[in-house]
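Each reported figure results from applying straightforward, stated rules to the coordinates on display, with no laboratory input. Quick caveat: nothing in here was measured; it's all calculated off a predicted structure. Cβ placement follows ideal geometry from the backbone for every residue including glycine, while neighbour counts extend to all protein chains displayed.
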């Protein structure tokens, strides 16, 4: 399935009119949109698809919103906006995940989270990930910082704190480090994970090969220790 999240700190730069235009355009696209809606019910509804004989419910939500924009940008009753995990919206997302987990085989939450330029997650992020997993999320992944962050298993769920840039105007250094995360889901568990590192060249990611790929993967794996995160290579 092809899904894109609209929930991010630029999702309503052009106000409600810009958001509703985006949602209307999305209806005509083969790529499903999540993380925003014409009201809260739509914004906190996942896209559900059957993949490999199992159902996957995919949410989008943002953990990055300026305080003065939270009320205006968060979806409400009869009010277009974004799905959020900030403030009171956090409980709404946890409830939505619990309800989806009761119906779907697997639940994935794609979060816009992190601090720009920082490899390590914001202090509250591990607790947020734990809450989402406790609510029923099989995997919690996302990005925002424009650099790579650690990823790994929490029990038999998976958390990735920042996938970095992908298709992006290129800078040298950490903002050019990228990759593709592949997860194998099975009835509410992540059974396998693979991180294929890449480097952005000319605006697009080019996979590392051979020894360079091994070195890039090792550098990424070491971020777990640097950030003091209890993430593991394999499920418990």
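Between residue 102 and residue 211, the C-beta separation translates, for a Förster distance of 45 Å, into a calculated FRET efficiency of about 0.45. The helix-only estimate of mean residue ellipticity at 222 nm for the chain, built from DSSP H runs of length n ≥ 4 each weighted as -39500 (n - 2.57), is -8000 deg cm²/dmol after division by the residue total. Distance from the C-alpha centroid of the range 66-134 to that of the range 166-193: 20 Å, rounded to the whole angstrom.
If the segment from residue 29 to residue 219 were pulled out straight at 0.36 nm per residue, it would be longer than the present Cα-Cα gap by 64.7 nm. Axis of helix 89-101 versus longest Cα principal axis of the chain: the two differ by about 80°, to the nearest ten degrees. Taking 18 Å as the cut-off, the amide N atoms of the range 51-78 that come nearer than this to a point 7 Å along the Cα-to-beta-carbon line of residue 91 belong to 71, 74-77. For the range 52-116, the relative contact order comes to 51 percent (Cα pairs under 8 Å, sequence separation of at least 6).
Our summary gives the chain a relative contact order of 14 percent, counting only alpha carbon pairs under 8 angstrom and 6 or more residues apart.
Please check: in the Gaussian network model of the chain (C-alpha springs, under 10 Å), which one of 118, 84, 178 has the largest mean-square fluctuation. Of the options given, 118 has the highest mean-square fluctuation. Computed from Cα positions, the angle between helix 125-135 and the longest principal axis of the chain comes to roughly 60 degrees. Each label was represented as a point 7 Å from its Cα along the Cα-to-Cβ direction; for residue 182 and residue 122 these points are 3.3 nm apart. For the range 65-133, rounded, prolate or oblate, judged on the Cα gyration tensor with a ≥ b ≥ c (square roots of eigenvalues), a/c < 1.5 rounded, else prolate if a/b > b/c? Since a/c reaches 1.5 but b/c is at least a/b, the shape of the range 65-133 is classed as oblate. Shape class for the range 77-197: oblate, because the ratio a/c of the largest to smallest gyration tensor axis (alpha-carbon atoms, square roots of eigenvalues) is 1.5 or more and b/c is at least a/b. Within the listed set 51, 97, 190, the Gaussian network model of the chain (springs between alpha-carbon atoms below 10 Å) gives the highest mean-square fluctuation for 51. Here the calculated FRET efficiency for residue 41 and residue 71, from their Cβ-Cβ distance with R0 = 25 Å, stands at 0.90, rounded to the nearest 0.05. Axis angle, to the nearest 10 degrees, between helix 15-27 and the longest C-alpha principal axis of the chain: 70 degrees. Subtracting the Cα-Cα distance of residue 134 and residue 169 from 0.36 nm times their residue separation leaves 8.9 nm of extension gain. Listed from fewest to most Cβ neighbours within 10 Å, the set 227, 120 follows the order 227, 120.
Residues considered: 53, 87, 11. Largest GNM mean-square fluctuation over the chain, using C-alpha springs under 10 Å, is found at 53.
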